[in-house]
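Trainee: Before I ask anything, let me first share the structure, which is written out below as structure tokens.
Throughout, read-outs are computed from the coordinates displayed, never taken from laboratory work. As the structure is a computational prediction, the values presented were derived from the model and not from experiment. Ideal geometry is used to build each Cβ from the backbone, glycine not excepted, and the neighbour counts take in all protein chains shown.
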Amino acid sequence: MTGRLFSILIIFIIVFSSYQSQKVTEQRVDTAQSTQIAIGREPNYNYVIEVPQGWTTRDTTLNGVRFRFLLSPPSLTADRPMGNIIIASMEGRNIADFTTRNMAYLKSKLQGTVILERGNIESSSYNGQWFTYTKIQNGIVRDMINYIIPLNGYAYMITCGSNKGSIDKYRAIFDKIAKSFKG
């Protein structure tokens, strides 16, 4: 199961960097939180995430995995800021252990990945963690941030990034998107 989670993460990262089409979707649900293991329970795919004006979201499924892409407007093409969201079982792990495991996996499986920082992200409905890293993707260095939000035994992983040297321009936007999460 853990191998599948990390395979999904790898697919997500590959798809994230090359996905170009845009479509607006919006879904609303009530909020709830729990860190218990998700046995016999499905994740909430009707979560709400707010993106800035001009940004769009696109929901799609690839190899049975649901993705939500966060796409910036064409005016930001030079830096290519974008994001995506996938959901994975935490397999009974707490947020700190889950985040540590994801960081280690990325570093070991994606050559050229360098983990930079780690911290906590909180909103009125969750306590999560984030970590930043750089990676080389298709010959281009990308600055990335991964927000991990635990909810009912699942990790809602919001990964955002932009071309090398430009993440500081978008970090406040990425943080605001992650803090808007309601599951």
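Trainee: Given H placed on each backbone N at 1.01 Å, which residues far from SER123 in sequence or on other chains put an amide H within less than 5 Å of it?
Mentor: GLY128
Trainee: Taking the Cα atoms of region 37-104, report the difference between the largest and smallest coordinate on each principal axis, in whole Å and largest first.
Mentor: Sorted from largest, the Cα extents of region 37-104 read 43, 26, 23 Å.
Trainee: Using modelled backbone amide H atoms (1.01 Å from N, in-plane), which distant-in-sequence or interchain residues come within less than 5 Å of ASP59's amide H?
Mentor: Amide H neighbours of ASP59, under 5 Å, 5+ apart: PHE69.
Trainee: Take the cross-link list LYS135/LYS176; LYS135/LYS164; LYS109/LYS182 and give me the ones stretching past 20 Å between alpha-carbons.
Mentor: LYS135/LYS176; LYS109/LYS182
Trainee: Say each of THR56 and VAL114 gets a label point 7 Å from the Cα, pointing the same way as Cα to Cβ; how far apart are those two points in nm?
Mentor: Here the answer is 3.6 nm between the modelled labels.
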